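Notes follow once the structure below has been shown.
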Amino acid sequence: MHLTQKSMRYRLGSKVLASLLLLLTLATGAGQSAAAAIPPSPTTPPAPAITPTTTANWWSHDRFGIFIHWGLYAVPAQGEWYMNNAHIPRKIYAKYAKKFDPMDFHPNHWASIFKKAGAGYVVLTTKHHDGFCMFKTNATKYNVVDATPWHKDPTAALAAACKKYALRFCTYYSIMDWHSRDQHAFHPSPTAPTYDPTILPPDRNAAYVKYMRRQIHELVRQYHTNLFWFDGGWITGWTKADSLNIYDYIKSLNPKIIVNDRVGNGVGDYATPEQHIPPQGLPGHWETCMTINNDWGYNRTDHHWKSVATLITNLIHCSSGGGNFLLNVGPTANGVIPKPEVDRLLAMGRWLKVNGTAIYGSHRTPFKQKLPFGYATQKPGRLFLEITHWPADHRITVPMRSKIISANMLTAPNEALQVTASPAGQIIDLPPTATDKIASVLVCHVAEPIEPIVQPVVRK
């Protein structure tokens, strides 16, 4: 996964140094194809140029997915960037494989938690930046089955559990690989290397792409992944031709597989803002990925948990902007999802069990401006208003000219609310108290396309 905010500053500095190194390389007449610029930070990606197709229908419908960052980095328990940030040499870091023996891993329990949370799909890190493979692969012995005392395949087990619980199984795969001999560390050192951003030399490009294709074939044919969530495409030497090579190869294996934009260089089916939600969403398909605390991989010292209210509001915000919400968990080296994460997921599930019809299969808000009382989503004939700020006067004004045939709280379908037309929009009288302490959902039944009223912007 990408860097935390703390290490983000480090990576930006690395980019400057990478540029200097690249200029030096060009000056010596070597590595010309490695001169491809490092892509912009995925935290502010452009919308993909791929035309949306029906392939993404299930994904757009589900709106809510679970990210799982799990690998050798769970052993030192200092986050998924530990190998780079602590400057651990490859051979020393690889020794963590001998300590990876997650006897408390129960895939059906994981899947049941995700199902109760109301998620529709699950994305597992099959290979993170550290290069360790969390699946049985014939491309390298540096994998969870061959290199650990556990000798089990969690990817296969979780894929089966997801199928049992009617969850779509998806796979994360890092292009950047700190273990690969095909990629050079940015600052090579026998005792204190810095890997990010790695360098893929022209004479090793074909070998690494071949390695990737071999593992992609395994993940498609053996594990039946529904989606590839790439990352690390900012490495020096990763070209648009490489991105298209991988994208086209995946589509040749199964054209229904969805590919995110971090395969790099403007290629991909959807955009992936990280740790933030674009205020008005993005055009086309997009998905915000976010942690529950501050780290993606398990960090024993990170107890900065987001509240249930924040997480539910974030899910609503994403749906209102026409996007998805991919929420991360970081299991321990023993295979246990931390209790604070489980508790928050289950709380989200309880809210979705009551209010999910306003989220699943919904379309983006018809309003171009932020609503003072919360958010909006819609389906044909219905406008859903997710009220996160219950007004003191128990009244909201919906900025639309279109007539509201009837309105009711989602939890009280037989109790019609008073609707009054006004120049500012449709005024709805609410019940005396909110129906939910975090987000109460109001349903407006409409018979025509919604025509919003655009309020003039007051500049201070």
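Where a number appears in this text, it was derived from the coordinates with a stated rule and is not lab data. Source: prediction; values computed, not measured. In this analysis, Cβ positions are derived from the backbone assuming ideal geometry, glycine residues included, and neighbour counts consider all displayed protein chains.
Quick notes on this one:
- For the range 129-257: rounded, prolate or oblate by the Cα gyration tensor [a/c cutoff 1.5]: oblate
- The range 374-446: C-alpha gyration tensor shape, a/c 1.5 cut-off, then a/b vs b/c: rounded
- For the range 321-460: rounded, prolate or oblate by the Cα gyration tensor [a/c cutoff 1.5]: prolate
- Helix 154-164 vs. the chain, principal-axis angle (Cα, 0 to 90°, nearest 10): 30 degrees
- Principal-axis tilt of helix 5-27 within the chain, Cα atoms, nearest 10 degrees: 50 degrees
- The helix-only estimate of mean residue ellipticity at 222 nm for the chain, built from DSSP H runs of length n ≥ 4 each weighted as -39500 (n - 2.57), is -8500 deg cm²/dmol after division by the residue total.
- Karplus (6.51, -1.76, 1.60) ³J(HN,Hα), θ = phi - 60°, over the range 147-153, in Hz, Gly and Pro reported as x: 9, 10, x, 6, 6, 10, 10
- Close amide H partners of W286, meaning residues 5 or more places away or on another chain with modelled amide H under 5 Å apart, are A271, N324.
- In order along the range 259-276, the Karplus-derived 3J(HN,Hα) couplings, from 6.51 cos²θ - 1.76 cosθ + 1.60 at θ = phi - 60°, round to 10, 7, 6, 7, 5, x, 6, x, 9, x, 9, 7, 8, 9, x, 10, 6, 8 Hz, and Gly and Pro are given as x.
- Placing a pseudo-label 7 Å from each Cα along the Cα-to-Cβ vector at S422 and A86 gives an inter-label distance of 6.0 nm.
- What separates the Cα centres of the range 306-381 and the range 81-103 is a distance of 34 Å.
- Each of D343 and Q222 was given a label point 7 Å from its Cα along the Cα-to-Cβ line. The distance between the two points is 3.9 nm.
- Bridging of K210 to lysines at a Cα separation below 25 Å is possible for K91, K127, K136, K141, K240, K251, K256, once same-chain residues fewer than 8 apart are set aside.
- Seen from N260, the other residues with C-beta closer than 10 Å to its C-beta sum to a net charge of -3, counting Lys and Arg as +1 and Asp and Glu as -1.
- Length-normalised contact order of the range 238-281 in % [C-alpha pairs under 8 Å, at least 6 apart]: 33 percent
- Structure-derived semi-axes √(5λ) of the Cα gyration tensor in Å - corresponding label in (1) 42, 24, 20; (2) 43, 28, 27; (3) 34, 31, 22: (1)
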